[in-house]
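Visitor: Here it is, the structure in full.
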Amino acid sequence: MAHGVTAHGRIFRTSVLSCGAAAFALTLTACTSSGDGDGDANRDASRDAAASGLTAAELDLLTRSGNHPRDDAVLHHAETRLIAACMTERGFRYEVDAFVPPSGSPEERQLNLEERRTEGYGLHRQYTTGKPAASPTLSASPESGKRGKRGKSLTNDQYVARLSTEKAAAYMRALRGGKTDLRAMRFGRERTITFSEAGCEAESRKRLFGELDDWAAATYLPQNLNSSLTDVVTADAKYTAAMRDWRTCMAGKGHRYRTPDEAAERLKAEYQEQGATQSLRRREIGVAVADGTCAARLRIPSVVLSLRKQYANSLPEADRSRLRQATRIWTRALDRAGAPD
């Protein structure tokens, strides 16, 4: 599992499961949320838990749904408060990200049509700047998700950019330790995360989660387990029917792709061949908007989330036990975080 961290401490996950621009149909439910404006989610929570043998809280953490988006925002805000206090003690300024609870319905947040209308899948921005845009399919990511709009999200990066080379290096050591402080943890066969054991970020995570191993487990283990459900979800008749309806809807709008993944991958290939032209950007936006509009009409995020919760029962008991432990860790961290400012 690849990931990057900016100076303001937010982790941007780019794993197969983290709502990347290409993997819309499946990953959107790994990152979809319920709660705000979604009465069906509350009514179905007990049924889902009974079917899987997991509690509602465990299913929320597994699928990043239900209460998870708000809880994630609470923990992120608490973490940046702790980082700011630690950095101040070390003689550096650090801006705390404002707490902004998720707004809108789960599908609105996930599909994010407003952002699609300006960024498409984020591919043009990526090919012109070398940096991925906050694309619509990243809108609920932990690991990708989006914890609401953070008006100060670039302030710390800008502050570091204004420092001398020596001061900037000292700032980053205070925040994240040095090269020798890095360690790696493996989740599954192919997913490895790397993080620092030193610095204010590590200290803040220890304060909230108790141990860095517990922070990593509560943050990444559920994503890995959710990813393991992908094959069984895509084989389900409800999913294949949803994709068939999606193709029909897209064809009616003049776009012929088998899946959202294929749409994004083919656009990527065209960017590689043609470069980041304005005409290709317009076409990317057209495809992304049509994709999101069809998904919203067919309620595909809800279909896939329901299937993921249904098939959570297929996880081996050892994995369900690890998920239960991760949920206990997550809940304790929320208790330590307290109410946001």
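The values are calculated or read from the model by the stated rules, or taken from the named source; none is laboratory data. In this text, all values refer to a predicted model and were calculated from it rather than measured experimentally. Every residue, glycine as well, gets a Cβ built from its backbone with ideal geometry; the counts of neighbours run over all protein chains shown. These area figures cover heavy atoms from the full protein model, side chains too; ligands, DNA and RNA do not enter into them. Shrake-Rupley method; radii C 1.70, N 1.55, O 1.52, S 1.80 Å.
Visitor: How charged is the neighbourhood of R176? Take every other residue with its Cβ under 11 Å from the Cβ of R176, and add Lys/Arg as +1 and Asp/Glu as -1.
Guide: Summing Lys and Arg as +1 and Asp and Glu as -1 gives -2.
Visitor: Let me ask something else. Suppose each label sits 7 Å from its Cα in the direction of the beta carbon; what would the R258-D335 distance come out to in nanometres?
Guide: 5.0 nm
Visitor: Could you tell me what percent of the accessible area of segment 201-240 is made up of carbon and sulfur, with a 1.4 Å probe and every protein chain present? All intermediate terms of the calculation are to be shown ahead of the outcome.
Guide: Working: 660 of 1440 Å².
So the carbon and sulfur contribution to the accessible surface is 46 percent.
Visitor: Name the shape class, rounded, prolate or oblate, that the alpha-carbon gyration tensor gives for segment 208-338, where a ≥ b ≥ c are the square roots of its eigenvalues, rounded holds for a/c under 1.5, and otherwise prolate holds if a/b is larger than b/c and oblate otherwise.
Guide: Prolate shape, in that a/c is at least 1.5 and a/b is the bigger ratio.
Visitor: Assuming 0.36 nm per residue, please report the length gained on full extension of the stretch S279 to A241 beyond their Cα-Cα distance. List each step's numbers first, then the result.
Guide: Values: separation 38, 0.36 × 38 = 13.68 nm, distance 3.28 nm.
That pair, S279 and A241, stretches by 10.4 nm at full extension.
Visitor: Then there is this: What aspartates and glutamates sit close enough to K238 to cross-link, taking a C-alpha to C-alpha distance under 17 Å and skipping anything fewer than 8 places away on the same chain?
Guide: The reachable aspartates and glutamates, counting only those whose Cα sits under 17 Å from K238, are D48.
Visitor: Turning to a different aspect of this structure: Give me the aspartates and glutamates in straight-line cross-link reach of K179: C-alpha distance below 18 Å, same-chain residues under 8 apart excluded.
Guide: E166, E197, E201, E203
Visitor: Work from the charge dipole of segment 188-290 (Cβ charges, +1 for Lys and Arg, -1 for Asp and Glu, about the Cα centre) and give the residue of T240, G254, Q223 farthest towards its positive end.
Guide: Looking along the dipole axis, the top candidate is G254.
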